């Protein structure tokens with residue numbers, strides 16, 4: 001009987017501790033075990049993947065340039081800047097941005113964008129091109145308008161469209177400063193602040209007509225295979241100092257815990273299996 005009570009106490013204590021620590025252990029460091037709790041993570045159409053350019057099929061007839069509505073607008077609205085413990089995310093709910101074209105089946109509404117980065121410049125991006133990684137990758141997540149909202153679209157075959165951009169070390173990117181300058185306000189998990197609405201198009205490369213396309217999944221649990229991925233060829237510049245802000249100024253832990261960097265918040269590459277990667281040019 002005493003042994004049972006001891007076991008019960010241990011379970012309660014471990015459960016309490018997991019509220020703070022298991023998320024990182026499972027979510028960031030044990031992605032090979034995600035499928036145990038999220039079966040879709042063991043599917044055959046998972047992301048990210050290594051794009052081998054020698055095997056890519058060119059489809060310039062269908063993969064035409066995107067039309068971006070509201071991407072140039074700033075306006076008086078504010079955006080929610082969030083540290084959710086595994087990335088920095090800017091929520092775009094109801095901010096009037098959408099995409100069409102690009103061989104998408106419908107209008108897709110921009111819902112949020114976020115970043116994945118590494119502890120050094122040799123890793124950080126989720127996708128790779130011919131085995132090459134970049135120090136950071138940005139995802140702009142959109143949902144299919146026909147599903148009414150993001151939650152309804154999340155697990156649908158045609159539910160999501162993600163525009164993905166690589167970053168390379170170069171000149172200081174002033175268009176990232178409105179985000180990075182607010183990092184002192186969101187150092188810990190669940191911290192939020194607001195930023196003035198960005199003209200998101202200013203963050204993107206000048207040339208957007210070259211991109212890869214394949215059907216895949218969310219790169220975090222529950223890993224629904226609901227994403228049309230568009231991965232752009234031309235990278236975005238970011239300075240070494242700006243990268244260091246991502247690596248050092250935001251953390252995965254709560255405010256009352258020892259600081260642990262979010263860096264290396266990328267999922268390992270997944271098998272392409274029988275899927276085909278297409279290219280716009």
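Does residue 216 fit the bill of being at pLDDT 95 or above, more than 20 Å from residue 269 (Cα to Cα) and touching a strand residue (DSSP E or B) at 6+ places or on another chain (Cβ under 6 Å)? So residue 216 does not fit the description; no. With respect to the conditions (1) at pLDDT 95 or above; (2) in a helix (DSSP H, G or I), residue 27 falls short on a single one, namely (1). The condition of being out of contact with any helix residue (DSSP H, G or I) (no Cβ under 7 Å at 6 or more places or on another chain), in a strand (DSSP E or B) and in contact (Cβ under 8 Å) with a residue 60 or more places away in the chain holds for only one of 112, 168, that being 168. The residues of the stretch 37-82 that are in contact with a helix residue (DSSP H, G or I) (Cβ under 7 Å, 6 or more places away or on another chain) and within 20 Å of residue 142 (Cβ to Cβ), listed by number, are 68, 71, 72, 81. If I filter the stretch 211-223 for residues that are touching a helix residue (DSSP H, G or I) at 6+ places or on another chain (Cβ under 6 Å) and not in a loop (DSSP other than H, G, I, E, B), do I get at least one hit? No. In the stretch 69-94, the residue that is nearest to the chain's Cα centre (by Cα) out of those that are surrounded by 14 or more Cβ atoms within 10 Å (Cβ to Cβ) and farther than 22 Å from residue 190 by Cβ is 71.
Considering the stretch 145-165, the residues that are in contact (Cβ under 8 Å) with a residue 12 or more places away in the chain and in a helix (DSSP H, G or I) include one that is surrounded by the most Cβ atoms within 10 Å (Cβ to Cβ), namely 153. Among the residues of the stretch 258-271, those that are in a loop (DSSP other than H, G, I, E, B) and closer than 25 Å to residue 128 by Cβ comprise 262, 263, 264, 265, 266, 267, 268, 269, 270, 271. Scanning the stretch 115-144 for residues that are buried (at least 18 other Cβ atoms within 10 Å of the Cβ), in contact with a strand residue (DSSP E or B) (Cβ under 7 Å, 6 or more places away or on another chain) and outside any strand (DSSP E or B) turns up 124, 125, 126, 127, 134, 135. Taking the stretch 95-106 on its own, how many of its residues are surrounded by fewer than 17 Cβ atoms within 10 Å (Cβ to Cβ) and in a loop (DSSP other than H, G, I, E, B)? Matching residues across the stretch 95-106 total 4. Scanning the stretch 240-257 for residues that are more than 20 Å from the chain's Cα centre (by Cα) and either over 14 Å from residue 174 (Cα atoms) or in a loop (DSSP other than H, G, I, E, B) (or both) yields a count of 4.
The values are calculated or read from the model by the stated rules, or taken from the named source; none is laboratory data. Computed from a predicted structure; not experimentally measured. Neighbour counts run over all protein chains shown; Cβ positions are idealised from the backbone, glycine included.
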